[in-house]
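Participant: First the structure, then my questions, so here it is.
The values are calculated or read from the model by the stated rules, or taken from the named source; none is laboratory data. No experiment lies behind these values; they were computed from the predicted model shown. Methodologically, a virtual Cβ is constructed for each residue, glycine included, from the backbone with ideal geometry; neighbour enumeration extends over all protein chains shown.
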Amino acid sequence: MASPLQSRKKSVSLGSPVRASRIRRDPPPVAKKIELRDPEEIEARTVLIGVISFALAIVVIVVGISSNYGWSPADYNIEL
């Protein structure tokens, strides 16, 4: 019969005492104060930005289509 091959690793002694970890860690960071903002204020700003961007998109589309048909805002003089 063939004999088993010798392993290169040393066997682990399970009866020896366990050493403590030597890893040094920084203390946890100090918690930053979180400023709570009013959800209604955030929602109002979001709605305002949405309405303005939608209106701007409509203006760009109308001017683009009308300039394609030969109309230009330069055709009109506005006097105050």
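Participant: Modelled with pLDDT under 80 and in a loop (DSSP other than H, G, I, E, B): does that describe Arg25?
Facilitator: Yes.
Participant: Here's another thing I want to ask about it. Kindly indicate whether any position in segment 64-75 is outside any loop (DSSP other than H, G, I, E, B), among the charged types (D, E, K, R), free of Cβ contacts under 8 Å to residues at least 60 places away in the same chain and surrounded by fewer than 10 Cβ atoms within 10 Å (Cβ to Cβ). Spell out the reasoning first.
Facilitator: Of all residues in segment 64-75, those outside any loop (DSSP other than H, G, I, E, B) come to 64-68, 73-75.
Checking which are among the charged types (D, E, K, R) leaves us with 75.
Next, from what is left, pick out any that are free of Cβ contacts under 8 Å to residues at least 60 places away in the same chain: 75.
Then drop every residue that is not surrounded by fewer than 10 Cβ atoms within 10 Å (Cβ to Cβ), which leaves 75.
Yes, the conditions are met somewhere in segment 64-75.
Participant: Yes or no: Glu79 on the phi < 0 side of the Ramachandran plot, over 30 Å from the mean Cα position of the chain (by Cα), acidic (Asp, Glu) and modelled with pLDDT of 80 or more?
Facilitator: The answer is yes for Glu79.
A quick yes/no check of all residues on (1) assigned to a helix (DSSP H, G or I); (2) of a type in the set (D, E, K, R); (3) in contact with a strand residue (DSSP E or B) (Cβ under 6 Å, 6 or more places away or on another chain):
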| position | (1), (2), (3) |
| --- | --- |
| Leu14 | no, no, no |
| Pro17 | no, no, no |
| Ala31 | no, no, no |
| Arg37 | no, yes, no |
| Glu41 | yes, yes, no |
| Ala44 | yes, no, no |
| Ile49 | yes, no, no |
| Ile52 | yes, no, no |
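Participant: So, Ser13, is that one more than 36 Å from the chain's Cα centre (by Cα) and surrounded by 10 or more Cβ atoms within 10 Å (Cβ to Cβ) or not?
Facilitator: no
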